[in-house]
1. Under 11 Å from a point placed 7 Å out from the Cα of residue 893 along the Cα-to-Cβ direction: which residues of region 815-848 have their backbone N that close?
2. Fully extended, how many nm does the chain gain between residue 627 and residue 965 (0.36 nm per residue separation, minus their Cα-Cα distance)?
3. Using just the alpha carbons, could you tell me how many Å³ per residue the convex hull of region 527-579 encloses?
4. Taking 0.36 nm per residue of sequence separation and subtracting the Cα-Cα distance, how much length would be gained by fully extending the chain between residue 547 and residue 579, in nm to one decimal?
5. Write down, largest first, the equivalent ellipsoid semi-axes of region 325-444 in whole Å, where each equals the square root of 5 times an eigenvalue of the alpha-carbon gyration tensor.
6. From Cα coordinates alone, what are the radius of gyration and Dmax values for region 127-243 in angstrom?
7. At a 10 angstrom cut-off on C-beta neighbours, averaged per residue, how do the peptides 739-751, 690-702, 925-937 rank from highest to lowest?
8. Mind listing which GluC sites (Glu not before Pro) in region 201-235 are in a DSSP loop and have 16 or fewer other Cβ atoms within 10 Å?
Amino acid sequence: MHRLRTCAVRLRPLTASQAAQTAGQQRPITASSTGGKRTFQPIRCYSAPVASEPFLNGTSSNYVEEMYFAWLENPKSVHKSWDVFFRNANAGAPPGAAYQSPLTAATSLLAPQLSSLVGAQPNVEKLVEDHLAVQSLIRAYQIRGHHVAQLDPLGIMDADLDSCVPTDIITSSDKLGFYGLDESDLDKVFRLPTTTFIGGSESALPLKEIIRRLEMAYCQHIGVEFMFINDLEQCQWIRQKFETPGLMQFNLEEKRTLLARMVRSTRFEEFLQKKWSAEKRFGLEGCESLIPALKTIIDKSSGSGVDYVIMGMPHRGRLNVLANVIRKELEQIFCQFDSKLEAADEGSGDVKYHLGMYHRRINRVTDRNITLSLVANPSHLEAVDPVVQGKTKAEQFYSGDNDGKRVMSILLHGDAAFAGQGIVYETFHLSDLPSYTTHGTVHVVVNNQIGFTTDPRMARSSPYPTDVARVVNAPIFHVNADDPEAVIYVCKVAAEWRATFHKDVVVDLVCYRRMGHNEMDEPMFTQPLMYKQIKKQKPVLQKYAEKLIAEGVVSRQEYEEEIAKYDKICEEAYARSKDEKILHIKHWLDSPWPGFFTLDGQPKSMSCPSTGLTEESLNHIGQVASSVPVEDFTIHGGLSRILKGRAEMVRNRTVDWALAEYMAFGSLLKEGIHVRLSGQDVERGTFSHRHHVLHDQNVDKRTCIPMNHLSPDQAPYTVCNSSLSEYGVLGFELGFAMASPNALILWEAQFGDFHNTAQGIIDQFISPGQAKWVRQNGIVLLLPHGLEGMGPEHSSARPERFLQMCNDDPDVMPLIIFTPKSLLRHPEARSSFDEMLPGTHFQRLIPEGGPALERPEEVKRLIFCTGKVYYELTKERKNRGMEGTVAIARMEQLSPFPFDQVKAEMERFPNADVVWCQEEHKNQGYYDYVKPRIRTTNQRSKPVWYAGREPAAAPATGNKNTHLVELRRFLDTAFGLDAFKDQQ
């Protein structure tokens with residue numbers, strides 16, 4: 001808070017003649033009550049104060065005189081600050097002492113004290129200074145009190161990595177001098193500002209009591225970071241929750257419930273350790289309060305109307321969360337530890353502490369149904385964050401929950417990963433974007449104060465691991481995890497914050513890790529001091545039980561009975577797990593696609609139906625695509641030409657790529673299937689070809705999405721530019737696609753190369769999701785691809801990577817489309833309506849359809865290819881006059897490989913050599929994938945020749961001339977009669 005600058009007001013006494021003249025005349029003052037005129041005799045006459053303070057600046061002398069005479073008649077007729085000024089002046093205060101800055105709230109509150117002290121000629125300036133000092137003191141605790149809070153259960157490390165106490169936090173009486181106070185002020189009573197709630201019902205407190213209450217609010221087992229939030233209402237809300245005396249109280253029933261939950265959390269880990277001491281499980285020991293924390297968040301949220309909670313978390317504590325929060329059957333968890341058991345259904349491709357869960361049950365606290373979903377997560381730790389957000393957004397979207405009041409997400413994090421992995425930052429930056437917000441996520445950090453073996457002082461540069469959350473003004477509640485009641489209170493506040501403001505909030509559980517990184521790890525190698533202290537540390541359950549027994553909340557017998565009761569539950573489940581002998585992976589699904597693979601109880605055919613549309617539908621969608629279906633909407637002149645070009649194509653029954661995409665999306669929308677297209681600049685399209693969102697050139701932010709004007713009963717079309725993120729946004733869209741199979745969810749990279757930074761999502765979720773977690777997903781990736789002389793960073797979408805990850809399963813989803821760049825406007829890259837009418841299908845392979853068919857036995861070369869190189873090959877073939885001797889076939893689908901159609905094409909040209917031609921380098925692209933498959937199809941055992949660029953480390957050259965030389969070289973190879981001698 002800015003300190004008040006006391007202004008030495010200069011008062012100019014009236015001259016003798018002025019004073020005599022003023023004293024002897026009646027001054028006309030208009031009185032609002034009577035409208036009459038009075039005669040006043042001033043005790044002392046002054047002209048206007050001269051000051052630079054805003055309070056006096058610009059105040060005319062006549063106005064001050066008018067106020068002064070009005071004050072003499074009725075002191076209440078002027079502002080209190082002027083009342084004080086005139087009182088002090090008339091009491092003989094020297095120049096500079098009469099004027100006191102109002103400081104709005106502070107001076108208003110202090111007016112009674114100041115007025116009562118005027119007669120004794122007090123040092124008014126000192127009084128105001130002291131009150132302002134106390135306000136600054138209060139603010140210091142609100143801003144920096146968390147730095148001295150007792151957060152570490154071990155007592156050996158400062159949670160903020162800094163042992164220094166801020167100079168403006170009172171830890172000893174000598175620090176009072178920082179504020180211009182001393183010990184004699186400790187018993188003085190000070191009026192409290194409106195920006196604090198420490199007084200409760202009291203408006204003033206002695207200084208020592210103010211300091212005590214501030215310490216209780218901000219410097220005990222809870223540290224609150226919130227003063228960076230630039231919203232006064234939100235700051236006041238948080239102050240009220242943590243400063244108001246007596247709020248952090250629990251009744252007997254709440255304490256007994258908390259103890260029971262602590263028993264379950266602790267004894268579950270002890271049971272696993274007893275039965276499987278040599279197994280990794282990444283237990284929760286050291287942060288057992290996480291379980292009651294999560295249950296409190298869910299209980300409180302359920303009471304606020306939430307009926308679906310989607311969670312994501314790393315491996316530490318996952319089994320405990322599954323057992324005691326989501327309430328997965330214990331026998332299903334226990335039989336995962338039996339290595340001899342085999343799954344009764346497909347899957348079981350990952351370890352037990354990576355698997356997810358989906359369960360609907362009654363919340364016993366609120367007696368309301370609640371669905372809990374824990375999303376499966378790999379060892380990439382924070383990779384699940386955007387996936388959870390996307391899934392949450394989808395569930396909100398499909399249930400019509402536009403404000404996030406019924407569906408919410410909870411994300412758990414480790415301290416080292418939260419600070420160290422950039423995906424956390426990317427996910428936070430999606431939190432308030434209109435097309436990505438989930439209306440608030442509760443983040444819970446299990447702060448072990450260590451990352452594997454790395455000391456936090458070597459793992460991050462920020463004071464706290466949670467500092468990344470400050471970028472979105474999320475409040476951060478640090479809490480000592482060995483104080484279960486403090487943990488529960490903080491979680492209640494976090495859930496209330498989310499329900500009230502629908503913004504993110506972070507709970508930082510400062511705890512420790514009793515075992516090593518896993519149960520087989522030896523932590524003393526690298527953290528001897530910490531683990532010596534941990535060995536001496538009394539478990540939190542024991543400490544809390546002793547506290548409640550001492551308070552008389554429970555007896556020791558009741559406590560021991562609670563333990564015996566849960567131990568019995570575990571033993572009985574263990575016995576059932578041995579009898580069951582079968583593990584059902586379907587129990588581990590975080591949320592299935594019910595009925596997608598069956599029809600009337602029978603397996604559904606996975607064959608592709610006709611994708612054709614009627615001529616009427618094609619024309620209708622084409623007309624919408626080439627129009628502006630909103631009145632008084634001015635579009636850009638260049639866009640007008642584009643829309644006219646589309647209309648011309650529709651009249652000619654022709655489509656290019658952009659219009660074909662419009663037809664595809666539009667037909668699905670008319671069938672009631674939601675389409676969502678997300679990515680960087682997808683609304684217009686990176687190559688200015690799409691224009692799915694039109695912008696009024698005269699009205700800022702006025703837009704139109706024509707595709708949402710197809711028909712009254714259509715599904716909505718969502719097209720949204722994303723933040724400049726690949727990892728986060730692809731993860732988000734993957735999560736969105738999890739929710740329903742009856743939707744088309746697409747993510748488009750600005751250039752195909754850009755999926756490099758989203759590789760974790762592709763490798764961990766997209767490619768192996770079905771095998772690892774029996775998890776279906778319909779995400780579609782659009783990756784602009786093509787070597788067009790634009791350099792190594794804007795050429796290749798790395799098709800070889802995707803092909804390497806494919807297993808040729810005909811049921812594989814999702815879909816990777818290597819989309820074009822130069823072909824978007826290529827005059828020959830167009831299709832007729834005839835290829836899109838009813839009865840037409842997607843063509844996995846487009847066969848040769850030209851002059852080569854007239855004498856197929858004379859064809860000397862059959863070139864297989866894919867992508868834009870086809871157009872370069874056909875142009876070269878025509879220039880060389882080889883249309884009758886060289887056939888060219890295009891593979892539109894590479895995986896699953898079209899064995900049947902490749903075989904048929906080869907049989908059409910029995911005397912032709914077989915060539916695979918690609919523009920990519922030989923060690924990239926498709927060659928290594930297609931060569932063995934073409935040879936398998938080739939019954940004549942002929943070699944598969946290669947025509948393309950030579951091997952290279954980079955995807956493409958950055959030199960335009962070199963690019964053209966390479967292109968000419970491989971075209972010569974493709975059509976040269978002796979080109980393949982060197983390959984033999």
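1. Residues passing the 11 Å test: 841-845.
2. 117.3 nm
3. Taking the convex hull of the Cα positions in region 527-579, it is 100 Å³ per residue.
4. Residue separation times 0.36 nm, minus the Cα-Cα distance, leaves 7.4 nm.
5. Equivalent ellipsoid of region 325-444: 27, 21, 13 Å, largest first.
6. So, for region 127-243, Rg and Dmax equal 14.2, 44 Å respectively.
7. The peptides rank, most packed first, as 739-751, 925-937, 690-702.
8. Qualifying residues, ordered by number: 202.
Readers should treat all values here as calculations from the given coordinates under stated rules, not as data from a laboratory. This one's a predicted model, so the numbers in the text were calculated from it and none came from an experiment. Cβ: placed from backbone, ideal geometry, glycine included. Neighbour counts: every protein chain shown.
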